[in-house]
Amino acid sequence: MEINPSRLVTVPGNGKVSVGKVLCIGRNYARHAAEMNSPLPEVPMVFLKPATALTGPGTSVSVPPGIGEIHHEVELVALIGRRLTHASREEAAGAVTGWAVGLDMTARDVQARAKKAGHPWSVAKGYDSFAPLGRFASPAGFDAGNVTIRLSVNGRVVQEGNTADMIFDVPTLLSYCSTIFTLEPGDLLYTGTPEGVGPVQVGDRLHAEVEGLPPLEVGVTSG
Ligand code: ZN
């Protein structure tokens, strides 16, 4: 796949990943929307994280001092391998070149203040290391629409769901996003989290899994 070299990003522990945009979807599982007291979206709720937030397996989420609670959100991540503009669901489905498990770390108190003030979520979602990303697996034989997704903290399962429960499936999300942004090879899509989000503490071990993909293990350190 063709990548603009200026967009090469080193992901510690994950080698070089040629990442462009990091698209994320909010409220894509009904029970997570409910636990956040948020209404169900009628169209996908899209936000972006900077690619500098990425960090790889075996590294740590770095918690900045004084920003309150940091929550885990385990998510299925799609790597785009083909340029998409106003793509159909079928074109979008065929453009995914890799799948990984990721964590959309969220400064929940910062986000709550932003929501209240009508401000964007970029700060709450964008700190360095707030986008842990596992190793990619190829799409062959992987059914993104029906796999278990799970997060354990210190060996205890805290989030567990199935991608079949997504409100908008991945082809729909990519098709929709491609009507706004041209998607390019190297762009990522974090597809939303099932219920069970909660705070992490310095010293925690996070073990994220999507059935059929390499697991992702990261620690939590003070920043
Ligand atoms: Zn999320």
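The values are calculated or read from the model by the stated rules, or taken from the named source; none is laboratory data. Here the structure is a predicted model, which means the values were calculated and not measured. Here the Cβ is made from the backbone with ideal geometry for all residues, glycine too, and neighbour counts use every protein chain on show. Surface areas here come from the heavy atoms of the whole protein model, side chains and all, with no ligands, DNA or RNA. Shrake-Rupley method; radii C 1.70, N 1.55, O 1.52, S 1.80 Å.
Brief remarks on what is shown
- Helices (runs of 4 or more DSSP H) (entirely within segment 51-146) containing at least 1 residues that are modelled with pLDDT of 95 or more, more than 14 Å from the ligand (Cβ to nearest atom) and of a type in the set (Gly, Ala, Ser): 89-94, 108-117
- Test: residue in segment 116-126 that is surrounded by fewer than 17 Cβ atoms within 10 Å (Cβ to Cβ) and touching a residue at least 60 places away in the same chain (Cβ under 8 Å): yes
- Hits in segment 200-223 - residues which are open to solvent by less than 20 Å² (accessible area, probe 1.4 Å) and of a type in the set (Gly, Ala, Ser): Ala208, Gly219
- Taken together, the residues in segment 141-155 that are under 16 Å from the mean Cα position of the chain (by Cα) and open to solvent by 60 Å² or more (accessible area, probe 1.4 Å) amount to 1.
- Close pairs from segment 67-93: first surrounded by fewer than 18 Cβ atoms within 10 Å (Cβ to Cβ), partner assigned to a strand (DSSP E or B), Cβ under 7 Å, at least 6 apart: Ile67/Ala107; Gly68/Ala107; Glu69/Pro199; Arg83/Leu183; Glu91/Leu84
- All positions within segment 156-199 that are assigned to a loop (DSSP other than H, G, I, E, B), on the phi < 0 side of the Ramachandran plot and open to solvent by less than 10 Å² (accessible area, probe 1.4 Å): Ser178, Asp187, Thr191, Thr193, Pro194
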